[in-house]
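Here is the structure we will look at.
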Amino acid sequence: MSMLCLQSCVTHEELGTEVSLSKGATDLASFNAQKAAGMAEGEGMLQAAKEAQDGDDPPKGDFPVQKKSPKLCGSNYPLSIAFIVVNEFCERFSYYGMRAVLTLYFLSFFHWDENLSTAVYHAFSALCYFTPVIGAIMADSWLGKYKTIIYLSIVYVVGHLIKSVGAIPSLGNQVVHVILSMVGLFLIALGTGGIKPCVSAFGGDQFEEEHTSERSKFFSIFYLSINAGSLISTFVTPVLRGDVKCFGEDCYALAFGVPAALMVLALVVFIAGSGLYRKTPPQGNVLLEVCKCIGFAIKNRLKNRSRQIPKRDHWLDWASEKYSKQLIGEVKMVTRVLFLFIPLPMFWALFDQQGSRWTLQATKMNADFGIYVLQPDQMQFLNPLLILVFIPIFDLGLYPLINMCKFNFTPIRKMATGMILAGMAFGLAAVVELKINETDMPQLVPEESLIRVLNLAKNPVQVTIQDRDLFQQPVEAFQNPAEYSKLILNGEQQSLRFTLQHQGLSLAFNYTVKEKSVYSLIVFEAEGSLSSRLITDLEAKPENGLAAVRFINGLSQDVNLSIDSKRFIAVQKNYSASEYSLLERDKYNNGKCITEMGEFTLELGLLDFGASYTIVITNVSGGDVKTWKSEDIKANNVHMAWQLPQYLLISAGEVMFSITGLAFSYSQWAEFVLFTVLLFAVCVIFSIMGYFYVSVDPEDLEEKEEKRETSSRGNMISLVTQKTKL
């Protein structure tokens with residue numbers, strides 16, 4: 001969780017600190033405070049501390065003498081940054097494109113349930129935001145940024161290729177697919193996280209020290225390339241998955257293959273600019289130095305527990321025998337910031353649900369926008385789009401307007417406001433989920449089943465069930481069925497007597513009913529007498545917005561049905577029922593019904609999102625088949641556009657809180673409410689902590705410490721540090 005805390009977008013100026021911008025990979029990565037994520041705040045201050053130590057580590061390895069790169073069109077922008085920006089665009093397209101379809105891949109391809117799919121999705125996201133530590137250590141202590149990017153990009157590409165191969169249905173069984181996919185995701189996480197703290201820092205290295213303005217603008221362009229790649233990929237890859245069919249189903253192999261190709265392109269482009277880059281040598285890892293400093297302070301304090309030894313103002317002052325006062329001072333500032341960031345992971349724990357629970361929510365909604373039908377995983381493109389829209393609105397409009405009102409809208413207050421907006425977003429998500437659940441089937445419990453009656457006879461029928469009082473009125477012929485009725489049983493299953501009264505006649509049938517099942521009692525006329533069948537219905541809505549359809553053949557001869565060019569169904573005569581078939585939402589008016597009398601046109605009409613249908617073939621007349629369609633489970637009637645307000649709020653909250661990082665968590669509609677309350681509670685805690693937080697300027701701290709006399713005991717240095725109100 002501490003790594004997630006370091007993903008804040010609070011700039012160094014906002015926290016009252018200034019840092020060096022020229023050395024370690026994780027330092028310059030702090031400028032990419034937007035979705036480049038990584039180790040921004042903490043490692044930036046730690047790098048300044050590193051540089052302040054007595055002497056720098058000598059360069060390691062064989063690194064060329066620094067040279068000036070050719071400029072772009074006579075400007076002060078080095079030509080090399082063009083390769084870096086294009087590389088970042090392709091890499092972000094690769095990552096976000098693959099991730100956009102990942103949850104539905106687990107759900108549809110592996111047939112995992114929603115909870116497992118969500119858990120694995122967020123575990124992968126968490127791993128992606130842990131591995132930057134590995135990349136930073138490799139770059140700062142061993143290989144340097146350039147070689148680290150090259151080597152880990154190769155790992156990245158291999159992971160993409162393995163992931164794409166694992167999505168080919170004909171390649172092995174599900175165990176093979178899962179193993180390949182998990183190995184691929186691990187390598188992708190290692191690659192994308194490993195290069196994350198290096199690429200933006202490497203871009204900053206290309207500028208000379210006097211071109212700080214151009215360097216700042218470069219990071220804005222760099223951030224734009226991140227969001228452009230994210231925006232395009234989250235819109236395109238769901239189309240490749242859903243609209244393109246391969247191996248008879250959604251084409252996940254293509255949806256993963258295109259991002260893999262983009263990552264190959266990213267690597268090629270980056271290598272192509274090799275001769276233009278300024279490559280700085282590694283100068284030691286700041287994080288390791290800080291850890292050593294903290295460890296030495298704790299160890300030294302434990303060794304000197306005697307009351308005769310003078311106390312020190314801060315526990316980190318016990319490291320003064322070995323480490324410089326500047327490093328210790330900077331570490332103190334980092335620990336204070338980290339304490340302030342303790343509540344922040346809750347924001348990211350909810351934010352990343354756009355790719356999991358919010359996507360799963362979209363699969364249960366109506367995605368027809370008239371001119372275009374959105375894929376449920378395409379809704380994620382709203383976030384990068386809204387971010388690009390909100391940033392200039394907030395920076396050029398909202399914040400200046402607030403300043404004109406003489407309201408001190410500090411960074412702490414901005415972040416607290418962002419958390420409030422995020423909490424409101426999940427409140428709206430909970431309301432939407434409640435409306436969606438209204439079309440769900442009732443929850444089945446032990447010793448309980450659901451039943452309804454389909455009267456396919458020519459006259460009304462009165463149905464009674466042994467010792468039950470369910471159907472009060474006669475069921476009319478071909479009457480649209482009412483809601484399912486609850487049938488209470490005496491155990492896991494029970495044999496019940498069904499009595500049918502029809503035109504003065506009474507007929508009885510015995511059927512065994514099992515608990516937690518859904519049934520339709522089909523009443524029909526066969527060979528001049530009344531008969532019935534008890535058939536099993538779907539227990540829940542079809543997943544992923546698909547429509548389910550089955551057929552009952554009311555003809556006296558077998559039929560063969562073709563719904564489209566790829567789907568054929570055989571149904572026996574005399575009111576036999578077929579199995580359910582899952583279809584994409586569409587109008588199906590060009591089907592075929594083949595009987596002994598010939599071939600006839602089969603028109604089914606619209607099979608809508610999430611609905612279940614029973615279609616009864618009643619007779620054939622002319623060139624058409626006469627059918628009667630019953631909607632067993634209602635279609636998704638909540639439009640996907642109702643997700644727009646929650647995306648607006650979460651995106652506005654992201655702009656105010658931070659434009660970086662991802663995290664993991666999952667929830668159901670009840671959990672939406674829980675997380676709404678949790679986020680508001682964390683917001684209150686964060687605001688209180690922020691009120692008591694005192695910003696410290698490193699230069700002021702150094703100046704004050706230089707003016708104060710330090711007490712000495714041997715070669716021991718005792719520091720007097722600026723206290724906070726915490």
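The values are calculated or read from the model by the stated rules, or taken from the named source; none is laboratory data. Source: prediction; values computed, not measured. Glycine gets a Cβ as well: all are built from the backbone with ideal geometry, and neighbour counts include every protein chain shown. Note: areas computed on protein heavy atoms with side chains; ligands, DNA, RNA excluded. Shrake-Rupley method; radii C 1.70, N 1.55, O 1.52, S 1.80 Å.
Details
- Matching entry among ASP586, ASP564, ASP558 (being farther than 21 Å from ALA635 by Cβ and of a type in the set (D, E, K, R)): ASP558
- Residues of the range 501-511 include at least one that is in a loop (DSSP other than H, G, I, E, B), open to solvent by 60 Å² or more (accessible area, probe 1.4 Å) and farther than 22 Å from LEU604 by Cα.
- If you go through the range 387-427 and keep only what is crowded, with 20+ Cβ neighbours inside 10 Å and assigned to a loop (DSSP other than H, G, I, E, B), you end up with nothing.
- All of TYR95, TYR151, TYR156, TYR121 fail the test of being open to solvent by 10 Å² or more (accessible area, probe 1.4 Å) and in a helix (DSSP H, G or I), apart from TYR151.
- Complete set of residues in the range 630-645 that are more than 26 Å from the chain's Cα centre (by Cα) and surrounded by 15 or more Cβ atoms within 10 Å (Cβ to Cβ): SER630, ASP632, ILE633, LYS634
- In summary, TYR151 fulfils each of the numbered conditions (1) touching a residue at least 24 places away in the same chain (Cβ under 8 Å); (2) in contact with a helix residue (DSSP H, G or I) (Cβ under 8 Å, 6 or more places away or on another chain); (3) more than 18 Å from VAL258 (Cβ to Cβ); (4) not hydrophobic (A, V, I, L, M, F, W, C) with the single exception of condition (1).
- Scope the range 646-659; condition open to solvent by 20 Å² or more (accessible area, probe 1.4 Å) and either under 25 Å from ARG585 (Cα atoms) or outside any helix (DSSP H, G or I) (or both); matching residues: none
- Single residue of GLY491, GLY545 found to be out of contact with any strand residue (DSSP E or B) (no Cβ under 9 Å at 6 or more places or on another chain) and either in contact (Cβ under 8 Å) with a residue 12 or more places away in the chain or open to solvent by less than 20 Å² (accessible area, probe 1.4 Å) (or both): GLY491
- Among the residues of the range 548-558, those identified as of a type in the set (Gly, Ala, Ser) and open to solvent by less than 40 Å² (accessible area, probe 1.4 Å) are ALA548, GLY554.
- Top-ranked residue in the range 241-268 [being without any contact (Cβ under 8 Å) to a residue 24 or more places away in the chain and either open to solvent by less than 30 Å² (accessible area, probe 1.4 Å) or within 25 Å of TYR151 (Cα to Cα) (or both); ranked as nearest to the chain's Cα centre (by Cα)]: CYS251
- Among (1) over 30 Å from ASN115 (Cα atoms); (2) open to solvent by 30 Å² or more (accessible area, probe 1.4 Å), the one test that ARG336 misses: (2)
- Looking only at residues in the range 346-362 that are open to solvent by 10 Å² or more (accessible area, probe 1.4 Å) and in contact with a helix residue (DSSP H, G or I) (Cβ under 7 Å, 6 or more places away or on another chain), the one that is modelled with the highest pLDDT is ARG357.
- Filter result (buried (at least 17 other Cβ atoms within 10 Å of the Cβ) and among the charged types (D, E, K, R)) within the range 526-540: ARG533, ASP537
- Scanning the range 212-221 for any residue that is surrounded by 21 or more Cβ atoms within 10 Å (Cβ to Cβ), modelled with pLDDT under 85 and either closer than 22 Å to LEU72 by Cα or of a type in the set (Lys, Arg) (or both) turns up at least one such residue.
- Residue check, ARG215 assigned to a helix (DSSP H, G or I) and in contact with a strand residue (DSSP E or B) (Cβ under 6 Å, 6 or more places away or on another chain): no
- Of the residues making up the range 438-458, those that are over 19 Å from LEU500 (Cα atoms) and surrounded by 13 or more Cβ atoms within 10 Å (Cβ to Cβ) are THR439, ASP440, MET441, LEU444, GLU447, GLU448, SER449.
- Selection count, the range 610-643, where residues are modelled with pLDDT of 90 or more and small (Gly, Ala, Ser): 6
- When residues of the range 323-345 are limited to those that are touching a helix residue (DSSP H, G or I) at 6+ places or on another chain (Cβ under 6 Å) and not in a helix (DSSP H, G or I), the one modelled with the highest pLDDT: TYR323
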